[in-house]
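> There's a structure below that I have some questions on.
The values are calculated or read from the model by the stated rules, or taken from the named source; none is laboratory data. Computed from a predicted structure; not experimentally measured. Every residue, glycine as well, gets a Cβ built from its backbone with ideal geometry; the counts of neighbours run over all protein chains shown. Each accessible area value is taken on the protein alone, full model and side chains, heavy atoms only, with ligands, DNA and RNA left out. Shrake-Rupley method; radii C 1.70, N 1.55, O 1.52, S 1.80 Å.
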Amino acid sequence: ETGVTQTPRHLVMGMTNKKSLKCEQHLGHNAMYWYKQSAKKPLELMFVYSLEERVENNSVPSRFSPECPNSSHLFLHLHTLQPEDSALYLCASSQASGYEQYFGPGTRLTVT
Amino acid sequence: QKEVEQNSGPLSVPEGAIASLNCTYSDRGSQSFFWYRQYSGKSPELIMSIYSNGDKEDGRFTAQLNKASQYVSLLIRDSQPSDSATYLCAVNRDDKIIFGKGTRLHILP
């Protein structure tokens with residue numbers, strides 16, 4: 001595996017389900033990010049981790065819960081989502097905060 | 001003033017012509033500038049980075065930076081239909097990367 005990988009690529013979940021998105025970077029980077037991109041809308045930064053410590057949380061609802069167990073892995077735990085949470089969820093990593101970011105392919109999430 | 005501003009487009013350019021994409025930023029202290037390409041339904045892909053005033057060329061792409069005017073641009077020479085995408089400008093501010101909302105580029109066959 002190279003670059004940034006994300007699983008699953010597609011996810012359909014009901015409003016009462018609990019699921020997790022996984023991101024793994026193979027670049028030796030120290031910072032990782034979660035973004036949300038709704039249809040035809042700009043990127044919205046959700047969370048930033050630097051050296052496994054959360055450094056930014058952009059007023060994201062508590063139904064989204066990030067976890068960064070080590071510098072290579074990042075999770076986004078989802079519970080009791082709303083239909084408006086349907087979007088493309090993108091993970092990115094960078095050498096350090098403020099450096100160029102490399103994106104994974106994204107998870108297309110549909111909440112029914 | 002928005003931190004990173006781009007015209008949302010769409011910008012329509014005939015095939016074979018030069019496409020010119022522009023971006024302005026508000027923080028004079030920014031030192032790093034990036035251009036990403038994003039195809040519909042796909043993730044952003046880094047295509048150019050530029051750090052000093054002037055031009056930087058990579059194949060058909062040229063990034064231009066003017067820190068005094070707080071302006072960065074991307075030129076695409078010999079535009080191809082495969083260049084049709086949304087182009088995101090990104091600028092560092094402190095320890096963050098701030099993305100613009102993107103310009104949709106449509107290359108007309």
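> Rounded to the nearest 0.05, what FRET efficiency do B:R28 and A:L51 give with R0 = 30 Å and r taken as the Cβ-Cβ distance? Could you check? Intermediate values should be presented prior to the final figure.
Working: r = 29 Å, r/R0 = 0.95.
Working from the Cβ atoms, E equals 0.55.
> Put a dot 7 Å past each Cα toward the Cβ at A:T16 and B:Q80; how far apart are the dots in nm?
With each label point 7 Å from Cα toward Cβ, the separation is 5.2 nm.
> Using a 1.4 Å probe on the heavy atoms of the protein chains only, list every residue of the range A:92-111 that has 50 Å² or more less accessible area in the complete assembly than in its chain alone.
SASA drop of 50 Å² or more in the range A:92-111: A:G98, A:E100, A:Q101, A:F103.
> A further question follows. Per residue of the range B:57-65, in order, report the coupling 6.51 cos²θ - 1.76 cosθ + 1.60 (Karplus, θ = phi - 60°) as ³J(HN,Hα) in whole Hz, putting x for Gly and Pro.
Values, residue by residue: 10, 8, x, 7, 9, 10, 9, 10, 10 Hz.
> On to the next question. Report the charge-dipole magnitude of the protein assembly as shown in Debye, nearest 20, computed about the Cα centre from +1 at each Lys and Arg Cβ and -1 at each Asp and Glu Cβ.
560 debye
> Size of the dipole of the range A:1-79 about the Cα centre, Lys and Arg at +1 and Asp and Glu at -1 on the beta carbon, nothing else charged, in debye to 20?
480 debye
> Related question: Evaluate the relative contact order of chain B (contact order divided by residue number), counting alpha-carbon pairs under 8 angstrom at least 6 apart; express in whole percent.
38 percent
> Could you work out the equivalent-ellipsoid semi-axes for chain A, taking the square root of 5 times each eigenvalue of the Cα gyration tensor, largest first, in whole Å?
Values for chain A, descending: 22, 14, 13 Å.
> Would you be so kind as to identify which of A:Y35, A:Q6, B:G41 lies farthest towards the positive end of the dipole of the protein assembly as shown, taking Lys and Arg as +1 and Asp and Glu as -1 on Cβ and the Cα centre as origin?
Toward the positive end, the furthest listed residue is B:G41.
> May I pose another question? Might you list the cysteines of the protein assembly as shown that have no disulfide-compatible partner by the rule of another cysteine's Cβ under 4.7 Å?
A:C68
> Related question: Going from the alpha-carbon gyration tensor of the range A:63-106, what semi-axes, largest first and in whole Å, does one get by taking the root of 5 times each eigenvalue?
Working through the eigenvalues yields semi-axes of 23, 14, 8 Å.
> Here is a further query. Test of understanding: what is the full-extension gain from B:D55 to B:K67, defined as 0.36 nm times their sequence separation minus their Cα-Cα distance?
Length gained, B:D55 through B:K67: 3.1 nm.
> Could you grab the relative contact order for chain A? Cα pairs under 8 Å, six or more apart, rounded to a whole percent.
It comes to 37 percent, rounded to a whole number.
> Given B:L105, B:G16, B:A68, which one lies farthest toward the positive end of the charge dipole of the protein assembly as shown, if we put +1 on the Cβ of every Lys and Arg and -1 on the Cβ of every Asp and Glu?
So the residue furthest toward the plus end is B:L105.
> List the lysines whose Cα sits under 19 Å from the Cα of A:K19, skipping any in the same chain fewer than 8 residues away.
A:K36
> Round to a whole number: what % of the accessible area of the range B:42-107 belongs to carbon and sulfur, probe 1.4 Å?
It is 44 percent, rounded to a whole number.
> While we're looking at this one, here's another question. With no solvent and one equal point scatterer per Cα, compute the Debye intensity ratio I(q)/I(0) for the protein assembly as shown at 0.11 Å⁻¹ and report its log10, rounded to two decimals.
-0.55
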